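Asker: Structure provided below as C-alpha cells; questions to follow.
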Amino acid sequence: MAIYVGTQVSPTPGNLQALLAEGERYNELVEKIGGTPVGGWTVALGEGQGTLALLVSYPDLAAYQAATEKAQTDAEFVKFIADLGPLVAGMSSAVYTPAPTSRLQ
C-alpha cells in the first residue's frame, strides 16, 4: 500500500517565493531518490498561512525508509538541503496511510 509524506515548510521572512522557485529542483531530487511528488501548495488561509505544504508518495514504508537513507548520502540532495537552509525557519513532516475511502491509495 502506498504511503504519503506530508511536509510543511515555514520560510524565513520574505523567502516564500525563493522556496517556490526551488520546486522543480526539489521534484527532480525526490524522484531521483525514489519518491513521486504529488503536489505542492501554499497555505493561503488558516493554520500555517504563508507556509509551503508538500506531498510525496512512496510505494510503501520500506521504500520511504530507503529513500531517506539515499537522500542522506546523495551529494546533490545534501547540497540542495544546505542551499535551502537560510530560506527555512522550520519544517515538520508526517507519514500518512490512506483511509479506506481515500481516492489516493
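Asker: Out of the trypsin sites (Lys or Arg not before Pro) in the stretch 1-103, which ones are loop residues according to DSSP with at most 15 other C-beta atoms within 10 Å? Don't skip to the end; give the middle numbers.
Answerer: Values: sites: R25, K32, K70, K79, R103; in loops: R103.
Within the stretch 1-103, the qualifying trypsin sites (Lys or Arg not before Pro) (loop, at most 15 other Cβ atoms within 10 Å) are R103.
Asker: Ok, one more. State, in angstrom, two size descriptors of the stretch 1-65 derived from its alpha carbons: Rg to one decimal place and Dmax to the nearest whole number.
Answerer: Both quantities, over Cα of the stretch 1-65: 12.8, 39 Å.
Asker: What are the ³J(HN,Hα) couplings of the stretch 42-47, residue after residue, when phi is run through the Karplus curve with 6.51, -1.76, 1.60 and θ = phi - 60°? Round to Hz, x for glycine and proline.
Answerer: After applying 6.51 cos²θ - 1.76 cosθ + 1.60, I find 9, 7, 8, 9, x, 4 Hz.
Asker: Search the structure for amide H atoms under 5 Å from the amide H of T51, placed 1.01 Å from N in the peptide plane, and list their residues when 5 or more places away or on another chain.
Answerer: V43
Asker: Run through the stretch 1-75 and list the GluC sites (Glu not before Pro) located in a DSSP loop whose Cβ has at most 14 other Cβ atoms within 10 Å.
Answerer: For GluC sites (Glu not before Pro) across the stretch 1-75 that sit outside H, G, I, E and B with at most 14 neighbouring Cβ atoms in 10 Å, the list reads E47.
Asker: With the dipole of the chain worked out from charges on the C-beta (+1 for Lys and Arg, -1 for Asp and Glu) around the Cα centre, which of A18, F80, A53 lies farthest toward the positive end?
Answerer: A53
Asker: Which helices count as membrane-span-like in the chain under these terms: full DSSP H, at least 18 Å along the axis by C-alpha, Kyte-Doolittle mean of -0.5 or more?
Answerer: Numbers: long enough: 61-73 (19 Å, -0.33).
Both cut-offs are met by 61-73.
Asker: I need to check one value: relative contact order of the chain, counting alpha carbon pairs closer than 8 Å and at least 6 residues apart, in percent. Walk me through the intermediate numbers first.
Answerer: Numbers: 150 pairs, mean separation 48.0, N = 105.
Answer for the chain is 46 percent.
Asker: May I pose another question? Between the alpha-carbon centers of the stretch 24-62 and the stretch 67-105, tell me the distance in whole angstrom.
Answerer: Rounded to whole Å, the Cα centres lie 7 Å apart.
Asker: Can you compute the charge dipole magnitude of the stretch 13-90 about its Cα centre, using +1 on each Lys and Arg Cβ and -1 on each Asp and Glu Cβ, nothing else charged? Give it in debye, rounded to the nearest 20. Walk me through the intermediate numbers first.
Answerer: Values: 4 positive and 10 negative charges, 16 e Å.
Dipole of the stretch 13-90, to the nearest 20 debye: 80 debye.
Rule-based calculations on the coordinates, nothing more; no lab input. This structure is a prediction, so every number in the text was calculated from the model and none was measured. When we count neighbours, we look across all protein chains shown, and the Cβ atoms used for this are built from the backbone with ideal geometry, even at glycine.
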